[in-house]
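As C-alpha cells, the structure follows; a few thoughts come after it.
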Amino acid sequence: MATVMAKPTVGAAPGRSRAQDVDRHVGARMRERRIMLGLTQQQMADLIGVTYQQAHKYEKGINRVAAGRLYNIAQALGVDVGYFFEGLHSDRGFKSTPQQRMLLELARNFISITDRKHQEAMCSLARALSSPERD
C-alpha cells in the first residue's frame, strides 16, 4: 500500500507573515522605549537577563518574545505590557516631528554626559531658557 504525503498548506505563509508583523511591531516599540530611556542594547539585555544578541533579535522581530519575558521587559522599561501593542492596527505609521527628533537627540546627548555637575548645569540652562522673561 502506498503512503500518501500531506501537501503543505497554501495558506500557511500569510498567517506567519502576519505574526512576523506583530513581532516586528513589538520589537520596534521595545527599541523606541529603550532609546527614549537612553539605554543601550547591552544595558537592556542586562536588565532583562538575555544576551545582547537576543535583545537585538527581539527588537528586530527576528525572535518572538514569550509572554513572561515580555512582562519582564515591560517592568524593566516602566510600561504596561499593552504598550508594546499600541498602534498595531493603525493605518498610518508613526512620523516624528522635528521637535520630537530634537528632543530625542537632546536626551541621547544628555545621557552620554558622564559628569553629574555638567548634567545639572544642562538642567539649569534648560530651566533658565524655558522661564518667561522677567523685566
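The values are calculated or read from the model by the stated rules, or taken from the named source; none is laboratory data. Note that the structure is predicted; figures quoted are calculated from it, not measured.
Listed values, structure above:
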| read-out | value |
| --- | --- |
| Verdict on Arg64 being of a type outside the set (S, T, N, Q) and part of a loop (DSSP other than H, G, I, E, B) | yes |
| Identity of the residue in region 19-45, acidic (Asp, Glu) and over 19 Å from Arg108 (Cα atoms), that ends up modelled with the lowest pLDDT | Asp21 |
